[in-house]
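Everything below concerns the one structure shown next.
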Amino acid sequence: MTTSDASVSDGTIDMDTPQSPRQVSIPRSLNGCWTCRLRRKRCDQKRPVCDGCAALYITCHYSQERPEWMDGGIRQEEMTEKVKREVKDNAHRRRGERAHISADHASISESRIGKWTMLPQKLSMDEASSRCDLLGTPKTRSDAQNNGTETCLEAPATRSQRPAECPLASKGSSESIGVGRSDTIHLMFYLEELFPFLFPFYHPSFLQGGRSWILEMMTSSPVVRQALLCQSSYFFSLGAGAANRDECWRTILMKTMDAFGVLRQALQVIDGSSITEHRHGAVRIMASIIQVQRFEITISSFENCQAHLTGALALFRQLLDSSEATEPACPRSKFNSVISRLGPSPIPLDAPNLHIPSAEQAAFCFSSALLIMDDIVASTILQEQPRLYENHHSLLDNTFGTGPAINLEAVVGCQNWVWLLIGEISVLDAWKKQCQRAANLDVMELVHRAAAVKDSLETGLAKLEANPVIAPKQSCGMLDVLTADYRQPSQLSDRRSSLVTRVWAHAAVLYLFVVVSGWQPASSDVRYHVAQIIELLTVQAKPPASLRTMVWPFCVAGCLAEPAQEAHLRAMVKALQPPSVFGTVRKALEIMENVWRNRDSGNTAYQDLATCFRSQGDLVLLV
């Protein structure tokens with residue numbers, strides 16, 4: 001136990017507990033944060049968040065002047081109780097660390113994905129082959145054996161039990177593919193309730209298979225199944241109002257550890273050989289990593305964001321490099337080549353003319369969209385060029401007039417052009433920082449580069465504001481008639497996509513303004529765009545829970561908000577209940593509160609948005 005949490009037990013602070021001789025020998029700092037002084041703890045004086053406060057996930061109060069509540073009386077006692085509650089509220093996050101992979105030890109080599117597994121040895125090809133069933137994916141045979149086709153391997157089973165054909169094509173029950181009754185309940189809860197909540201804009205047409213690929217992944221892939229079970233168990237326990245929360249949390253941690261274990265084993269399988277032999281498995285692993293990432297972010301655990309993101313990016317790049325695309329080998333042609341090799345698509349006997357994507361094709365498109373989003377948001381925090389930046393225009397732009405290869409609007413509700421421009425701004429920010437370090441920043445060049453981005457943002461916003469509502473899709477057949485009631489959420493998400501895009505676009509303008517002009521919250525331009533975001537989120541964003549799909553713009557606006565707007569922003573977060581379901585929104589408010597405290601104390605530590613986002617000590621992906 002560290003000095004910082006020596007007096008913490010089960011989420012409470014004992015400020016009167018006698019200290020051990022070792023603790024007494026360490027003098028407390030007189031220049032540390034006010035939180036550590038309140039707790040009577042030694043502070044390492046790191047800014048903007050000291051290690052002691054970071055370890056406990058509590059607010060680190062820094063200011064040159066003594067806070068008004070540090071009065072030695074009633075207000076100080078009230079603050080003490082508030083800090084105690086904060087420690088207790090975040091107890092589950094400290095317990096959860098035992099089940100997480102340390103980001104320092106789990107970072108993935110761009111060239112060796114297997115390092116993510118944290119296992120010292122690498123499987124031989126024979127061992128990998130014997131455990132290939134972990135992937136639940138096709139295993140390539142030689143062309144002489146099957147003319148280049150692939151046969152499906154099922155969920156874990158011994159070789160003696162392995163059927164001759166893919167279990168999804170057989171007539172076996174759910175038990176025959178290793179899914180028990182309890183897991184079935186949790187997986188259906190994920191499919192029917194949780195997935196629509198997490199991804200409210202994703203409504204693929206029934207004529208494209210709908211969300212059936214998720215069900216297929218659940219039942220055929222242990223990797224995907226474990227990743228989804230840890231999420232479903234958590235939310236199911238919340239929805240069921242479990243009485244023994246500690247026991248539920250232990251169960252969820254075990255499922256999360258199981259998910260990591262299956263991922264590590266699956267990664268071992270593909271690490272010892274060419275990824276071309278395990279394309280389907282690599283897609284399932286990439287989808288699982290992103291799903292685990294989303295789960296951890298939802299419960300306000302950001303320690304592994306960098307590791308997960310790096311791993312998924314490495315897999316994505318290796319898949320593109322394995323595409324064997326014909327010339328010109330642009331990212332789009334590579335992406336399309338991967339899609340074609342993840343087939344063949346299933347063809348319903350009653351609709352032979354339909355081309356429904358295979359489960360792996362749909363999973364690759366869906367996961368790639370989330371990965372690009374995560375990469376772009378991470379770049380705004382790290383002040384680095386997005387690692388997939390060279391792929392952006394080829395994959396996201398409608399270059400060929402047939403629609404983009406990856407449609408982020410269909411997955412997260414924000415149109416591609418905004419993501420392209422946020423990526424350009426992050427590239428500009430990274431260039432600016434590099435020039436500043438070299439002491440050769442050309443301000444005229446900075447303004448020139450920013451002008452084109454600003455014009456594009458303003459043009460796009462003007463079009464959206466002139467036509468803010470997208471008309472619902474027209475019925476195109478019997479399936480649309482039969483499922484009319486169920487399509488209402490889809491129609492609503494279509495109409496909301498314009499709103500979501502506007503919110504992200506206004507935040508992008510603010511981001512660009514800060515990159516070019518610095519931290520000027522009093523600027524009339526900044527105030528205008530902040531007010532626009534708050535108005536859109538307050539008046540037009542329905543239901544209020546949709547705020548969770550726009551957390552990054554919400555946080556950008558909040559960090560630059562005026563004091564008079566703070567209470568309203570707090571109320572927006574407070575209205576989202578239960579708090580355990582809206583972890584990213586609560587994290588955004590923590591970041592905003594930290595900025596507001598430093599502003600009120602006259603601390604000028606915050607000069608850009610990246611500093612605000614990094615104030616919590618981790619890569620905080622507000623997605």
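Bear in mind that the values in this text are calculations on the coordinates, not laboratory data. Everything quoted here is computed from the prediction, not taken from an experiment. When we count neighbours, we look across all protein chains shown, and the Cβ atoms used for this are built from the backbone with ideal geometry, even at glycine.
Are any of the pairs Lys255/Lys334; Lys41/Lys587; Lys334/Lys542 more than 29 Å apart by Cα-Cα distance, and if so, which? Could you put the intermediate results ahead of the total?
Values: Lys255/Lys334 36 Å; Lys41/Lys587 25 Å; Lys334/Lys542 39 Å.
Pairs exceeding 29 Å: Lys255/Lys334; Lys334/Lys542.
Multiplying the sequence separation of Arg181 and Ala439 by 0.36 nm and subtracting their Cα-Cα distance, what value in nm do you get?
Values: separation 258, 0.36 × 258 = 92.88 nm, distance 6.39 nm.
Once the chain is fully extended between Arg181 and Ala439, it gains 86.5 nm.
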Once each part is reduced to its C-alpha centroid, what is the distance from the stretch 381-417 to the stretch 547-561 in angstrom?
21 Å
Could you give the nm distance between label points at Tyr528 and Ala466, where each point is 7 Å from its Cα heading toward the beta carbon?
1.7 nm
